[in-house]
Structures are given as C-alpha cells and as structure tokens.
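Heads up: the structure comes next, in structure tokens.
The values are calculated or read from the model by the stated rules, or taken from the named source; none is laboratory data. This is a predicted model, so every value here is computed, not measured. As a convention, Cβ positions derive from the backbone with ideal geometry for all residues, glycine included, and neighbour counts pool all protein chains shown. Note: areas computed on protein heavy atoms with side chains; ligands, DNA, RNA excluded. Shrake-Rupley method; radii C 1.70, N 1.55, O 1.52, S 1.80 Å.
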Amino acid sequence: ATPSNFGSQVNSARSGDVVYMRAGNYSSKYGTTTWGAEALTLGSWASGVSYVGYPGEVAQLANVRFEDGVGKANNVTIANLRMAAASCIHGGMWWESDESGATGGRIVNITCNGNYGSANTMTGLVALGGDNWKILGNTFTNNAPSPINNNHAVYVNVGADNVEIAWNKFSNMKMGHVIQQHTDGPLRRYDNLSIHDNELRGTNAQDIRGINISGCSSDSTSDIYNNVLINLGQSFSGIMAYCGQVRVRHNTLSAIAAPTISVNGGNVTAQNNVLIGQAVNGNINGSNNVTSGSVDSTGHLSNAP
C-alpha cells in the first residue's frame, strides 16, 4: 500500500492478509470512516489482518482503533509503524464491561509518541481490554511538559487475560505509572499478565512512576521479571501492588525516588531482584534480593558487598 491507495487496500483485505505500508504519511481516515476519531478504524471485517510498515522505510500513521461501533477487530497485527497521537492503539473496550475489547492484538516494533501535551487522557498510549494481546519491542515517548498521573504508556484494563508486555523501551516521558493494570469500579480478575524485559528510564526521577498492579481480584496473577527501571518513582513507587498474586523477579531498580517495591495489598513474592534506593514498603515474601551496591547506566550491578 501507499498513502494514495491505502484506503482501498484496507477495505479489500481479508483475514490472513498482510498489508505492507510503503514509506509516507498516511494522513487520511481509513476503514470505517463514519465512526471514531482515529486515523484507522477497524471492525470485525478486519479481523486477522496485519498492517506492517515496509522494512527499511518509514510509514507514519497517527493511531488505530480496534472496533468501529458495530464489531471488534480481533487478531490484528500493527507493526513497524511510526505513530503519534493521544493514544496510538485503542483496543476497543468499554470500562463498564469485563473483557469487552478486541482479542489477540499484536503491537510490534512501533514508535509511539504521545503528542497530547498537557491533556489528561486518562488512558494509555496502548490501551487494551481483551485477552491474548502481545505488546512487543516498541518504543514509547511523549511530549508532556509535566507529569499527569492519569496518563500511562501501556494500560491493561477490564480484566484482560494472557497479556504479554515485553522488550519495550520507555524514555523521555512525563506521566504516571508507565505500565498499569487497572480499571475503576468493581474488581476484575486478570489472569496471566506477563511484564518482562522492558526498560523504563526517567530523565528525572520525578517524571514518571514505574509499574502498577491494581483494581484486581485476589486470584488475579501477574509476573514481572527481567525489567530495568532507572531514575523514576515520583516519590510514589517503582513497582506497586494493590491486589492479586504478584511475582517480582530478576528486575533491576536503581535511583528510585520512592520505595523500590510498594505493597498495599495482594500477595507479592520478590526474588533475585536488585533494589537500589529506598527500602521496600509493605509485606513481601522476599528471597535473594540485593539491596546495596550501585548500578551503572546500562543497569548492571557493581560494587555489591
């Protein structure tokens, strides 16, 4: 596809198709153009289609929504695109209904810039509320002049299960918790949230918070491992848990302007972490955690006793 024929390619694609987007700025409205504010609005007719920036070229598309007011676009892949919006990916969920979003989304190797300035978006740059999503290998930034704690980078809500958030880089940002599981209202069950191998790095420790697990039932499960969190916290938290069964393992947290791990509820097991900064807040089941020494700019521990 090119910017001039992308609309017709979107309308004719069927499940199993891959639409390769050649270089250019895709600045019109595509898909269902009569509903929603996003540049590309997809319904059930688009399920199973992949939209992929052509290798070695820069394809720019502001944002995508995975439902069009009539149906959900399940099992859609968005990959290798440059995106900029208040929310780059909207999973098509409604906060009143459990697991109401599209399922099986794949968001891979996008560059997503939150260009909303001082707006209070109350969502994530990638926001999802359906099962079986993967958010892999993406780069996130935003242009906020100061932190607004209702804004997030990846937001998992309404009880989405089997969600993987991995190998992403979050930097040059000002917001609340960068990765958040939460929904207002009744507690939802979230099963098998996996957050691993991400890098969260603040320019200033007061610019961003870290990872938050909240709004969930006691039998919800999450696994937070192999992440590097440096120079963040906002005097609030590095990794925060309010609920559920939470495993925190093999993470490196350094220069955290807050408790490295803060527990306000749930059952938290913390193993083999490097926690340099303020002491853990609350009760954890901890073993083999390193709490002294120094961490260099790449996240490697040195000078440990």
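Quick look at the numbers
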quantity: Matching entry among S47, S100 (being surrounded by fewer than 21 Cβ atoms within 10 Å (Cβ to Cβ) and either under 28 Å from D184 (Cα atoms) or touching a His at 6+ places or on another chain (Cβ under 9 Å) (or both)); calculated: S100
quantity: Of residues in region 27-44 being polar (S, T, N, Q) and over 23 Å from S100 (Cα atoms), the one most open to solvent (accessible area, probe 1.4 Å); calculated: S27
quantity: Exclusive hit being small (G, A, S) and either within 23 Å of T123 (Cβ to Cβ) or surrounded by 15 or more Cβ atoms within 10 Å (Cβ to Cβ) (or both), set G24, G16, G56; calculated: G24
quantity: Meets criteria (at positive phi and crowded, with 20+ Cβ neighbours inside 10 Å) for G282; calculated: no
quantity: Residue within region 69-77 that is open to solvent by 20 Å² or more (accessible area, probe 1.4 Å), small (G, A, S) and out of contact with any His (no Cβ under 9 Å at 6 or more places or on another chain) present; calculated: yes
quantity: Residue identified as within 19 Å of I165 (Cβ to Cβ) and modelled with pLDDT of 95 or more among T77, T33; calculated: T77
quantity: Lone qualifier among G101, G92, G69 - being touching a residue at least 12 places away in the same chain (Cβ under 8 Å) and at negative phi; calculated: G101
quantity: Test: residue in region 83-92 that is more than 21 Å from F140 (Cα to Cα) and either in contact with a His (Cβ under 8 Å, 6 or more places away or on another chain) or among the β-branched types (V, I, T) (or both); calculated: no
quantity: Identity of the residue in region 78-97, open to solvent by 50 Å² or more (accessible area, probe 1.4 Å) and not charged (D, E, K, R), that ends up farthest from C216 (Cα to Cα); calculated: W94
quantity: Test: residue in region 49-62 that is closer than 15 Å to V108 by Cα and within 17 Å of the chain's Cα centre (by Cα); calculated: no
quantity: Every residue from region 258-279 that is out of contact with any strand residue (DSSP E or B) (no Cβ under 6 Å at 6 or more places or on another chain) and either modelled with pLDDT under 95 or open to solvent by 50 Å² or more (accessible area, probe 1.4 Å) (or both); calculated: N264, A279
quantity: In region 126-183, residue farthest from the chain's Cα centre (by Cα) [restricted to those that are under 13 Å from R209 (Cα atoms) and hydrophobic (A, V, I, L, M, F, W, C)]; calculated: I148
quantity: Meets criteria (in contact with a Ser or Thr (Cβ under 6 Å, 6 or more places away or on another chain), open to solvent by less than 10 Å² (accessible area, probe 1.4 Å) and not hydrophobic (A, V, I, L, M, F, W, C)) for S237; calculated: yes
